[in-house]
1. Could you grab me the full set of residues in the stretch B:337-346 that are in contact with a helix residue (DSSP H, G or I) (Cβ under 6 Å, 6 or more places away or on another chain) and over 14 Å from B:Ile289 (Cα atoms)?
2. Do you know which of the residues in the stretch A:1-41 that are charged (D, E, K, R) and in a strand (DSSP E or B) is farthest from ligand 1 (Cβ to nearest atom)?
3. Conditions: (1) part of a loop (DSSP other than H, G, I, E, B); (2) away from every other protein chain (no Cβ under 14 Å); (3) within 24 Å of A:Gly170 (Cβ to Cβ). A:Leu54 meets all but one. Number of the miss?
4. For A:Gly66, are the conditions met, namely being open to solvent by 30 Å² or more (accessible area, probe 1.4 Å), closer than 30 Å to A:Asp215 by Cα, more than 17 Å from the chain's Cα centre (by Cα) and more than 14 Å from chain B (Cβ to nearest Cβ)?
5. Hey, any hits in the stretch B:105-113 for a residue that's open to solvent by 60 Å² or more (accessible area, probe 1.4 Å) and either in a loop (DSSP other than H, G, I, E, B) or not assigned by TED's automatic domain parsing to the domain that holds B:Gln88 (or both)?
6. Considering every residue within the stretch B:227-245, establish whether at least one is at pLDDT below 90, assigned by TED's automatic domain parsing to the domain that holds B:Val91 and open to solvent by less than 30 Å² (accessible area, probe 1.4 Å).
7. Can you tell me which residues in the stretch A:42-64 are among the hydroxyl-bearing types (Ser, Thr, Tyr) and away from ligand 2 (no atom under 16 Å from the Cβ)?
8. Look through A:Lys79, A:Lys22, A:Lys59 and report the one residue that is surrounded by fewer than 15 Cβ atoms within 10 Å (Cβ to Cβ) and either within 30 Å of B:Lys15 (Cβ to Cβ) or of a type in the set (Lys, Arg) (or both).
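The values are calculated or read from the model by the stated rules, or taken from the named source; none is laboratory data. Just so it is clear, the model here is predicted, and its values are computed rather than measured. Glycine gets a Cβ as well: all are built from the backbone with ideal geometry, and neighbour counts include every protein chain shown. Surface accessibility is based on the protein's heavy atoms, side chains included, excluding ligands, DNA and RNA. Shrake-Rupley method; radii C 1.70, N 1.55, O 1.52, S 1.80 Å.
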Amino acid sequence: MIRLNNIHKSYEMGSNSLHVLKGIDLNIEQGDFVSIMGSSGSGKSTLLNILGMLDNYDKGTYHLSGNLIANMSEKKAAKYRNDMVGFVFQSFNLISFKNAMENVALPLYYKGVPRKKRNLIAMEYLEKLGLKEWANHMPSEMSGGQKQRVAIARALISQPKIILADEPTGALDTATSYEVMEILKDINAAGITVIIVTHEHDIAAMTRQIIRLKDGRIHEIIRNGELKQFQKNYMKELETA
Amino acid sequence: MFDIDKWQEILATIKKNKMRTFLTGFSVAWGIFMLMILLGSGNGLSNGVAANFMNDAVNAMWIWTGETKIPYQGMKTGRPIQFHNEDQEIVQKVAGVGVSSGRYFMGNTRYSYNKESGDYTTITCHPELKDVENLILEEGRFINKIDILQNRKVVVLGADIKKALFKDSTALGEYVNVNNVPFKVIGISTEPGSTRNRNAYMPVSTAQMIFMGSNRLHNLALTIDAKTLDESRAIEEQIRNVLAKKHKFDPADESAVGLYNKLENYIQTMKIFQAIKIFIWIIGIGTLIAGIVGVSNIMLIVVKERTKEIGIRKAIGASPSSVIGLILLESIMITTIAGYIGLVLGTGLMEMINYFMVQSAGPTPDPQGTIFMNPTVDFNIAVSATLLLIVAGAIAGYIPAKRAASIKPIVALRDE
Ligand SMILES: Nc1ncnc2c1ncn2[C@@H]1O[C@H](COP(=O)(O)OP(=O)(O)OP(=O)(O)O)[C@@H](O)[C@H]1O
Ligand SMILES: [Mg+2]
């Protein structure tokens, strides 16, 4: 469903430009559970932004569900994002003056769903994530794990095909991180493609495909047998730790 | 635009930022408040002065005589000019003259009725004087044409004279002795804007026959029909020429015949008020613009503060137009509501001042005592000011809204 062909991306900063992505070829199928790893500055977030249509690429082609994603107007990009993608961010990015339910319901507001109906749907999703009692709480009154679950509910409410998560567990402790990963696994089990960026090997080990970036290129893709080995290594590490 | 959800969104953000919203609104409210106070005061002043003008007909003109100061056709200076009945007739014939009356003053005429008596000024005149001086008849009627033709011995008493001679009994139809000649009282009059009503009026023909034995007049009072300053000046010149020809003096000789043209004064004064009004509007609009710039600046800060939030909204599917709408509507709402509060307070204050002025003036307001009258703002002006506010809000929100629309959704992903 995602087809990247020789994607290049540079950031212009005054007179010099920084070549971040130097030809990415990548296929991700519907229902995949992918993690992107790589050292800091290797271009993980940049790649995720392009996948989420939050940023443009300079060269190459990007097809999403058979549609070429290029030179779109802001309006069209907004519509695509709203229909296709759900985002989960490291810093949760909840709107501080809206309570949990209103935050979750927001994507439906932009879809034009009436207030009563969208709040009802938001409550359903909060319940699924075990946050029913927190519906009327403001983000500032919630723990990191709770906030991230609200953010996931918000990403799910518009029933996207893909969930994109940039270091979703980066701000959480290990136990909470694992809870969040369990939720993402369930989402994936329901057929939604999940792509996460992470630094943590144990988190990556819970996905079913690991893409390693290095110097703006795909260094290796770990799946199947190699993945088993990877998982064994890092799970073991966890046990001994 | 009128979708409830949008308003709820905006109300929610305003509620969360009460102080900021208050400060934003305050500058606008203050601007409108000052504009209303200024406009109200301007109107009050203009109304007051206009009312003072109304004490006589606005288009009144008085002509009196003097001595020549410019030699003319071999005649020496210092020659006195004297008006007679014909002068009233020839002035009446000048194009543009409305009504006219000759006048002859008899100072210290003795009026008596039974045991009461007193000395008062008698103004002998034609019926038209009533229209020139806007005389008010409390009772009865003013002198009419038949009184003049038949030299009737009738008199109109000023209210103070009536009070002195008759106290509370009826005067109408009674006979008073004027320098020992009995005259029938036909009316009681007051002069607008005056607290002293100590003049009596009698037909000029009667007075000339009984008291003077001549057809002399002291001065002429008339009205003229002119729309503009130029027209009014042309009529004035015409009259001067006619009189100069008759009495053989230089038309440029201002001391031979004196002339007061009230319309000229009125038009000039109204022009000044027009200028004051324009000045007030300029100041008012200036204050308002300061308010708009203030709102615009604060909205820019708001947009900057909300950069991340707007990025998040865009990442989850907000279109640029919905973001523009959000900022624009918030700006319009703050400006309109705050402006409206300023409007209501400003006009309210002026209405209150007006109310107390009317109260303290008592049942018979005395326009001469105040140059400030009815200092309120026209309803139409208030309505157009409100519309102006909505436009102002849109202008104030325009740049911030554009700034907001250009925010890239990737800012949502960036950590501060
Ligand atoms: N908007 C931008 N303008 C200029 N340079 C940028 C911009 N965004 C990212 N970069 C640069 O591009 C490079 C890749 O950034 P990116 O955020 O994709 O890295 P990353 O792999 O996500 O790193 P991290 O693990 O630290 O999040 C970095 O050197 C970064 O400084
Ligand atoms: Mg990153």
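1. B:Ala338, B:Ile341, B:Gly342, B:Leu343, B:Leu345, B:Gly346
2. Top of the filtered list is A:Arg3.
3. Evaluating A:Leu54 over (1) part of a loop (DSSP other than H, G, I, E, B); (2) away from every other protein chain (no Cβ under 14 Å); (3) within 24 Å of A:Gly170 (Cβ to Cβ) leaves (2) as the failure.
4. It is true that A:Gly66 is open to solvent by 30 Å² or more (accessible area, probe 1.4 Å), closer than 30 Å to A:Asp215 by Cα, more than 17 Å from the chain's Cα centre (by Cα) and more than 14 Å from chain B (Cβ to nearest Cβ).
5. Among the residues of the stretch B:105-113, not one is open to solvent by 60 Å² or more (accessible area, probe 1.4 Å) and either in a loop (DSSP other than H, G, I, E, B) or not assigned by TED's automatic domain parsing to the domain that holds B:Gln88 (or both), which makes the answer no.
6. Yes: the stretch B:227-245 contains one or more residues that are at pLDDT below 90, assigned by TED's automatic domain parsing to the domain that holds B:Val91 and open to solvent by less than 30 Å² (accessible area, probe 1.4 Å).
7. Listed by number, the residues that qualify are A:Tyr57, A:Thr61, A:Tyr62.
8. Every option except A:Lys59 fails the conditions.
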